[in-house]
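Single-structure report; data block below.
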Amino acid sequence: MNKPFPEFSVTQGTTLTNADLKGKITFINFWFAACAPCVAEFGGLNELYDKLKDNKDVKFLSFTFESPEKVAEFAEKYKMPYKAISVEESECRRLNFNAGFPANIILDRDGVVRFFKIGGSVDKAEASRVIVAEVYSKIMAML
């Protein structure tokens with residue numbers, strides 16, 4: 001908490017770096033397919049994204065170490081409206097401070113970590129409730 005998010009550069013179609021996050025409140029989710037709490041959050045993440053997608057001051061990112069093929073499979077299966085970025089497992093773990101999964105982070109407009117939560121419920125309703133209630137309110141308070 002209260003430290004800059006690690007420097008990164010990923011290319012999937014276009015290149016995304018820390019510089020692209022400056023000036024935005026950024027929500028970042030880390031997940032992988034075999035993580036039951038990660039999967040349980042998908043409904044809440046979809047709802048959170050829908051609430052924020054039209055706000056130009058908010059950026060929504062999702063990182064995973066799953067293959068692009070697995071990402072596409074999960075995006076279809078769970079109707080993910082946001083792009084999940086596939087990176088090497090070591091890079092995914094570096095970016096979430098090697099803290100575990102799921103990980104949810106909110107960065108302020110300067111790229112400083114202001115919210116950091118690891119783990120979650122395997123109950124889909126509870127996981128969604130926490131994402132929507134807790135994360136959404138934190139983001140709105142930062143706007």
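Below are the figures for this structure:
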| read-out | value |
| --- | --- |
| Matching residues, the stretch 98-124, being without any contact (Cβ under 8 Å) to a residue 24 or more places away in the chain and either assigned to a loop (DSSP other than H, G, I, E, B) or loosely packed, with under 15 Cβ neighbours inside 10 Å (or both) | ASN98, ALA99, GLY100 |
| Residue, nearest to ALA36 (Cα to Cα), within the stretch 82-97, restricted to residues that are part of a loop (DSSP other than H, G, I, E, B) and modelled with pLDDT of 95 or more | ASN96 |
| Matching residues, the stretch 1-56, being closer than 22 Å to ARG94 by Cα, without any contact (Cβ under 8 Å) to a residue 60 or more places away in the chain and either in contact with a Lys or Arg (Cβ under 7 Å, 6 or more places away or on another chain) or polar (S, T, N, Q) (or both) | SER9, THR11, THR14, THR15, THR17, ALA33 |
| Counted residues, the stretch 57-79 - those being over 13 Å from PHE42 (Cα atoms), free of Cβ contacts under 8 Å to residues at least 40 places away in the same chain, charged (D, E, K, R) and outside any helix (DSSP H, G or I) | 2 |
| Matching option when the condition is surrounded by 19 or more Cβ atoms within 10 Å (Cβ to Cβ), touching a Ser or Thr at 6+ places or on another chain (Cβ under 7 Å) and of a type in the set (D, E, K, R), among GLU66, GLU47 | GLU66 |
| Residue in the stretch 25-32 that is touching a Cys at 6+ places or on another chain (Cβ under 8 Å), assigned to a strand (DSSP E or B) and surrounded by 15 or more Cβ atoms within 10 Å (Cβ to Cβ) present | yes |
| Residue check for ILE139: crowded, with 17+ Cβ neighbours inside 10 Å, of a type in the set (Val, Ile, Thr), over 24 Å from SER9 (Cβ atoms) and touching a residue at least 12 places away in the same chain (Cβ under 8 Å) | yes |
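The values are calculated or read from the model by the stated rules, or taken from the named source; none is laboratory data. Because the structure is a prediction, the values reported are computed rather than measured. Here Cβ is always computed from backbone atoms with ideal geometry, including for glycine, and neighbour counts include all displayed protein chains.
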